Every structure is written in C-alpha cells, then in structure tokens.
1. Here are some pairs, 98/384; 216/384; 216/316; 23/164; 316/339; which of them have Cα atoms lying more than 19 Å apart in this structure?
2. In what sequence, highest mean first, do 322-329, 82-89 appear when ranked by Cβ atoms within 10 angstrom?
3. Once region 3-182 is represented by equal point scatterers at the alpha-carbon sites, with solvent omitted, what log10 I(q)/I(0) does the Debye formula produce at q = 0.10, 0.16, 0.17, 0.19 Å⁻¹?
4. Mean-square fluctuation check for the chain, GNM, Cα pairs under 10 Å: which of 16, 79, 226 is largest?
5. Give, in whole angstrom and from largest to smallest, the semi-axes √(5λ) of the equivalent ellipsoid of the chain, with λ running over the eigenvalues of the Cα gyration tensor.
6. Using the basic label-point model (7 angstrom from Cα toward the beta carbon), what is the residue 315 to residue 116 distance in nanometres?
7. Evaluate E = 1/(1 + (r/R0)^6) for residue 240 and residue 29, where r is the Cβ-Cβ distance and R0 equals 41 Å; express this FRET efficiency to the nearest 0.05.
8. Using θ = phi - 60° and the Karplus curve 6.51 cos²θ - 1.76 cosθ + 1.60, what whole-Hz ³J(HN,Hα) does each residue of region 308-316 get, with Gly and Pro shown as x?
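Coordinate-derived values only; no laboratory data. The structure displayed is predicted, hence computed values, not measured ones. Every residue, glycine among them, receives a Cβ derived from its backbone with ideal geometry; neighbour counts consider all protein chains shown.
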Amino acid sequence: MSRNVLQGRRILLCVAGSIAAYKAVSLLRALVRDGAEVSVVVTPSAARFVAPLTFETLSGRPVRQHLFADAEPMPHLRATEEADLVLVAPATANCLAKCALGLADDLLSTLLLAARCPIVMAPAMDGDMWDHPALVSHVWTLRDRGVVVLEPEEGSLASGLVGKGRLPAEHVVLEAVMACLARRRDWAGQRVLVSAGPTREPLDAVRFITNASSGKMGYAVAEAAAQRGAEVVLVSGPTALASPPNVTSVSVLTAEEMWHALDARFSWATVLVMTAAVGDFRPRHPCSGKIKKHEWNGAPLDLERTPDILESLSRKRTHQVLVGFAAESGDLLANGRKKLRQKDLDLVVINRVTGAQSACGSDTNEAIFLPRHGQAIQVERLPKRLLADRLLDTVREYGVMPLPSPARPQNKEIRRIQ
C-alpha cells in the first residue's frame, strides 16, 4: 500500500508501559517520515521506559501524560477530537483488558473510551499472557467492536522466555494503520462469495479424510470485504472460527455440499474468492456404520475424485471475477500459472504449504498474487487480515468488477451465525 495515505493524517500514538516502548520511538519516526502529524500519549509506566522528551523531540508536539493536566482541561477529549486514528503501540495486557471492559482510570484508558475514530492496537507482553483465557476473551470483545488488534509475534521475550508476545514488526503495524486510514466503502455494491476451511469426506460413521486448513484466510477475506461495504456470503467447511460480523454464513461438510452451496449462489455473486481447501478425493463407498478393526482386511482405500468446484463454476461464469488459491509445495509460479490458465481465473493467490513458512493453520502468511494481466506480486508475511485487504486492493486494481442486478437468492440455508 502506498505510504502517501499517511500524508497529513493526524495520528495519536499511545504508548503503554512495556519494555517494547522503545520500539515506539522508531514507529514514531516512520510515521513522521511519511508525512503523518503525530501526537503522543504515554502512561506513567511507559515514561519509566522511555523519557517523554524523546517523543516530544521527534514529534515536535507536547506529550500528554496525565488526565488532570492544568495546562489542558479534558485532554482525553481534545486528543481524540484531533485524531484521524489512535494507535496503541505497545498495548499491554492491562491496556487491552481495560479497553475491553470500558474502564477509564487514566488518560490512555479514558481517551480510548472517548475515541470515535479507528483504533489499532499492537500488543506486547511476556510469558503466556496472550493465550490466557481472560485476555483471549478481551481481544475477541475488542475485535467485535471494530478495534484492530494485531497478533503479537513469537520469539524471545524480555524475561528470557520464548513465546508469543513480541510487538508486531514495524512494517506490520504501519500496514494496519494505512489500511485503516485508506479504508473506504470501496466494495459497496459488490456481492462477494467466499469459500473457506477444509472439507471432510467420510470413511465411515466416525472417520473421515480431511486436511490441515484452519479457514483463517477465508474468514479474513469475508471480514475485510464486509467492512469495505460488500454484501458477503461465506460458505465454510468445519472450523473453530466465529463468523465475522455482517457476513451471511453457510456451513457445509463435504466437497459435494460445498459445490452445491456455491453453485446455488454463483449467479448472485460479482466476485468469488475460493480460499477453501477442498478435498480432492473421497471414498467411493463410505460405510454407514463404524468399521470395526477386525473387519478391515488391509485392502487399500477405494477413492474417487471429488468435483472440481472452481473449474465447474468457471465454465458457468457470466460476469463474475474469479479468485483462486493455489496451495503448493514447489515450483510455485509454474503451478500457479497453470491453475490460472486451466481454470480461466482473474487472479491466483499462491501459498506455500510445506515447512516452517506453511500457510496452513498460521495467523500470518506470505503469498504471491498472480493476476491474469500483470506481473506476479510478492507479498511479504503479514497477518491474514491485512493480507485480505491487500488481496481486495489487488482485485480492484486488476479485476473488472461489474455490478449486475440479480436479486439475492432466497435460500433457507443462508443464515447469520451470531
């Protein structure tokens, strides 16, 4: 995303009391370098890690520290009224909890409660705090309210432990800020059909063939499209994820069920984003009951191909933009180009699914965007929610997005999952 989006934008940088507060200095320099007008709020704890004078010198503006400052009545209101975006970096576990619960006992927590502009929070904490059930609940609460809470990175922590709690990389934080500032209703009027997750093909009543897809990428695409104004239907295989807000969800299990669910809504859609990891094979004759151990004679499974959903829908396209995902272990570009050509797609997103950089199950991903017309675009590793926004930007740039007028299908399977 172009850094021009930061030019002249007013950002309120809030620094909470974490050892990672020193990284906020570099973040401030980057924002100012790209033309943002940055004001800084520090908590008393943060001021023990980095002197407020550092932030004041680099921002060129007085640093706010206290709720009851004689020089400025009600600083929490003035600070947020003047801001296009509030960035909390680092956001401690305490800061996240107070914001989620609506507590307001200092300047930072009070201004977060008063803010009516977008809020981005970049967590940093030690130990196993990020995975504590209380904090997990608080993060979900904030995200449900529309707060952008980034995922902390995994690595060495200040205590000497290794875990998930490092402040997200500077480029990740900047990408989130720019995405929020650039966010428009630029997908308003679009009808986006997204597939996500794995499929399951039963062997018997209790066993099945599946894959390692978590569904996170598809859910991120659905959430991003809805937030940018699109009407979104998400057809998902079994996952542990909650349906994004303002998205109509359809649950399926098998490849056959996913095919029928997508086919029934394809004429309605203007854009199909096929992130689902659809199983390629299924048992030809699944057993209706449970196969006992002594009943299996060691014979190989008799498998057959499942429907090629994307190829089938591509043959039926009239006005739709088609985006496919290619899960590859080698020859990424060659295999991606083959899929782009064979299935007549507008864009292919190529993911690596082997080794430490595998996209499967991860909260982050790096990818190659391969448009029908244009050069391959290498996208650095990003949280999947930010990658989803980057994908939507690329579809708008390289895809033709008409707005036909078929009515929304009235289907009892479509339901909103709270």
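1. Numbers: 98/384 26 Å; 216/384 7 Å; 216/316 28 Å; 23/164 17 Å; 316/339 17 Å.
Table pairs above 19 Å Cα-Cα are 98/384; 216/316.
2. Working: 322-329: 21.0, 82-89: 22.6.
Averaged packing, sorted descending, gives the order 82-89, 322-329.
3. The Cα Debye sum returns log10 ratios of -0.34, -0.92, -1.05, -1.34.
4. Top of the fluctuation ranking is 79.
5. On the way: eigenvalues 370, 117, 77 Å².
Equivalent-ellipsoid dimensions as semi-axes: 43, 24, 20 Å.
6. Rounded to a tenth, the inter-label distance reads 5.5 nm.
7. With R0 = 41 Å, the Cβ-Cβ based efficiency is 0.55.
8. 7, 4, 5, 5, 5, 5, 4, 5, 9
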